[in-house]
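Structure record follows, encoded as structure tokens.
FYI, it's all coordinate maths here, none of it is from the lab. Please read these numbers as outputs of a predicted model, since none were measured by experiment. Cβ sites come from the backbone with ideal geometry, for glycine too, and all protein chains shown count toward neighbours.
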């Protein structure tokens, strides 16, 4: 049986195990600001919207969800490879969407790598559409 609960900083090592099992570390998705300090800041800023899926006490999935007061964002949504295809991702998304709704958030966005066929197929199955009218841009601030 899979249990969904709020993400805590105590889950940090387990998060990295899940991310590594899905290849997120190797494709650049887990970067400089995804260290323990960065994740702790994220959880403090978004204490009620990020979740983990556990089975027999082991973290097997994660969704980091937060908002800026008007728009929700999903970050690092992952289910360990051996647990994919069992509806765990769908459960995590449902919990995060409900938590965001409770905070008055009506729209959610995310960034997915174009070559992530499995992930993009999942997001399409969840009703998230591709925006062709936007460019995604980023820049490091230079803070170490």
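Sorted by mean Cβ packing within 10 Å, highest first, what order do the peptides 132-139, 43-50 take? Walk me through the numbers on the way to the answer.
Working: 132-139: 5.6, 43-50: 17.8.
The most tightly packed comes first, giving 43-50, 132-139.
The packing ranking, built from the mean of other Cβ atoms within 10 Å per residue, places the peptides 101-113, 72-84, 8-20 in the order 72-84, 8-20, 101-113, highest first. Our estimate of slack between residue 45 and residue 136, defined as 0.36 nm per intervening residue step minus the Cα-Cα distance, is 30.5 nm. Under the criterion of Cα pairs below 8 Å and six or more residues apart, the relative contact order for region 58-144 equals 26 percent. Relative contact order, whole percent, for region 1-114 stands at 28, derived from Cα pairs under 8 Å and 6 or more residues apart.
Globularity index of region 2-125 is 0.97 (Cα radius of gyration / 2.2 N^0.38 Å, N = number of residues).
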